[in-house]
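Peer 1: Just passing along the structure, written as C-alpha cells.
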Amino acid sequence: MPRTREHDGVVFRRKESRIWWIRYRDRNGTRRRESTFTADWDEAQKRLRERLQSRDDNVLEVVKKGESLSFGQWADHFLENYSKPPMRAEKTHEINLRAAKHFKNAFATSSLVDVTADHVELYLRRRLRERVLVKCSTGFREKGILQPATVHQEFRVLRRMLNVAVRKRLLSANPCSGVEFPVRVKGLFRPHYVSWSEQKRIEQHGQPHLRNIVRIITETGLRVYKELMSMKKDQVDLLNAVVWIPESKTPNGVAEVPLTPIAVEAFRDQLALAGQGEYLFPSDLNPTGHQVELKTVWSKTLRRAKVPYFRIYDLRSTYATRLSAGGVADEWVTQLLRQGDSQVFKKYSQMKLQMKREALEKINRQANEMRLDSGTAMIQ
C-alpha cells in the first residue's frame, strides 16, 4: 500500500540561494521541481498554487508550453503559417501584418500565457486614444483619433491569433473571451440589404463586368475576392449550372455551388468578356493575372447610381436575406452560404421592416379554432 503524502507540494530554497523553488507531483505521480525565479515567499506560494490548479484542470502541459513561448514568437509563427494564402486571402494577411506590429509593441516581451484580459483591455483603451499616423516625405504626420472600428478590427485579429494558440494547446483559454470592448462601435456587423430597385440602378450604371459580379453574388453568395475574382474558366460548368470552388475561407466553402438562371446568364456574359485567358476576371496590370481590387469602380458606380455607399461584400448578405424571405429554412441557408457555424447565419441574414410587414399579413387570427373537414371543432 503506497504511503499517504502529507503535502501536495512544497516551497523550498536551495543552499546558498535566495530564489525559492517548488516541488509537486503531476497527474501521473511524477515529481516535478522548478524555480519560481523570485525571492518573495508569497509569490512562490502563488506559483505553486497555480501549478497545482493547472494540474487538477489537466492543462499543466499546456501552461508550461505557453510559458516557454513569447508572444512575439507566436505572432511570427501565426503570420507565417496561419495568415498567408492559401490559408487566408492576401488582403486578410495584410490586415494581420498591420495589427501584429501594434501587438508586438505591446506584448512582444511577454510570454504567451502572461497576456491576460486586463492587458488586452488596457491595450484597446490606449489604442482608442492614439491618432492616425500617415507616412510622408518628412516622416509621419498625425491626423485624427483612430476610429473604434479600426481598433475593433485589431481586436478580432488578436482574438483569432490566440484562438489558434488554444487549439494548438499553448493556452488553456483565450483571454479575449473575458474582454469587453471599451466603446460601442456603431454599425458593426450590420450588413446593408440591397433592394431589387437598388440592384437595378447599380447594374444600369455599372461597367459590364461589375454588372455580372453583382448578379453572380446576389444569386450564389460567392465571396467576392477569395472565390469569384480568382475564379478560372474551367471551374464554371454552364451545362450543369454549377461552379466548383476549390479554395475558400473555410473548409465548408470548398464545394459545388448551384446556379440560378440569372447567375448562368451572368457567367455566360462574363465568359464572353474575359477573352482567351484562363481567368474569368483577367487583369494585365496585376501579377496574379486576375483582378484583385474593386473598391474604386464600386464606389464610383454607387455614386453614379445615387445609392448610399455600402461594401460590395454586403451582396452576399443580400443573397442570404432573400433566401430567408423566400421561406428557405435557416439550416439550408447556412449550407447554401457554405458556413460551418449556423450562428454566422444571423450575421448575414436580416429582416427588413417591409419583410416583417409581409410576415404579419400571414397572421392566423383563428388559430386553434379552425374547423376540420368533418365539421367538428378542433380539440383545444
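The values are calculated or read from the model by the stated rules, or taken from the named source; none is laboratory data. Only a predicted model underlies this, so the values are computations on that prediction, with no experimental measurement involved. Cβ placement follows ideal geometry from the backbone for every residue including glycine, while neighbour counts extend to all protein chains displayed.
Peer 1: Residues of the range 111-144 being hydrophobic (A, V, I, L, M, F, W, C), surrounded by fewer than 14 Cβ atoms within 10 Å (Cβ to Cβ) and at pLDDT 90 or above, which ones?
Peer 2: L122
Peer 1: Follow-up. Cβ-Cβ distance below 8 Å, separation of 6 or more or different chains: which pairs start in the range 206-229 with a residue that is over 13 Å from D314 (Cβ atoms) and in contact (Cβ under 8 Å) with a residue 12 or more places away in the chain and end on one that is in a loop (DSSP other than H, G, I, E, B) and of a type in the set (S, T, N, Q)?
Peer 2: If the second residue must be in a loop (DSSP other than H, G, I, E, B) and of a type in the set (S, T, N, Q), the pairs left are E219/T260; T220/T260; K226/S248; E227/S248; M229/Q291.
Peer 1: Sticking with this one: All but one of (1) within 14 Å of Y319 (Cα to Cα); (2) not assigned by TED's automatic domain parsing to the domain that holds T301 hold for R184, so report the exception by its number.
Peer 2: Condition (1) is where R184 drops out.
Peer 1: Moving on. Tell me the strands (runs of 3 or more DSSP E) entirely within the range 1-88 that contain at least 2 residues that are loosely packed, with under 14 Cβ neighbours inside 10 Å and at pLDDT 80 or above.
Peer 2: 9-13, 31-35
Peer 1: I need the full set of residues from the range 299-323 which are in contact with a helix residue (DSSP H, G or I) (Cβ under 7 Å, 6 or more places away or on another chain) and under 18 Å from L222 (Cβ atoms), in order please.
Peer 2: I312, Y313, L315, R316, S317, T318, Y319, A320, L323
Peer 1: Within the range 307-317, is there a residue that is in contact with an Asp or Glu (Cβ under 7 Å, 6 or more places away or on another chain) and of a type outside the set (S, T, Y)? So that I can check it myself, show each step before the final result.
Peer 2: Pass one, the range 307-317, residues in contact with an Asp or Glu (Cβ under 7 Å, 6 or more places away or on another chain): 307.
Filter once more, keeping what is of a type outside the set (S, T, Y): 307.
Among the residues of the range 307-317, at least one is in contact with an Asp or Glu (Cβ under 7 Å, 6 or more places away or on another chain) and of a type outside the set (S, T, Y), which makes the answer yes.
Peer 1: So S172 ticks every box in (1) within 18 Å of the chain's Cα centre (by Cα); (2) not assigned by TED's automatic domain parsing to the domain that holds A305 but one. Which box is left unticked?
Peer 2: Every listed condition holds for S172 apart from (1).
Peer 1: Could I ask something else about it? For the range 88-128, which residues satisfy the criterion of being more than 18 Å from C176 (Cβ to Cβ) and acidic (D, E)?
Peer 2: E90, E94
Peer 1: Out of everything in the range 286-297 that is in a loop (DSSP other than H, G, I, E, B) and in contact (Cβ under 8 Å) with a residue 40 or more places away in the chain, what residue ends up being nearest to A89 (Cα to Cα)?
Peer 2: Among those that are in a loop (DSSP other than H, G, I, E, B) and in contact (Cβ under 8 Å) with a residue 40 or more places away in the chain, it is V292.
Peer 1: Looking only at residues that are assigned to a loop (DSSP other than H, G, I, E, B) and touching a residue at least 60 places away in the same chain (Cβ under 8 Å) in the range 157-174, which one is surrounded by the most Cβ atoms within 10 Å (Cβ to Cβ)?
Peer 2: Per the criteria, the residue is L171.
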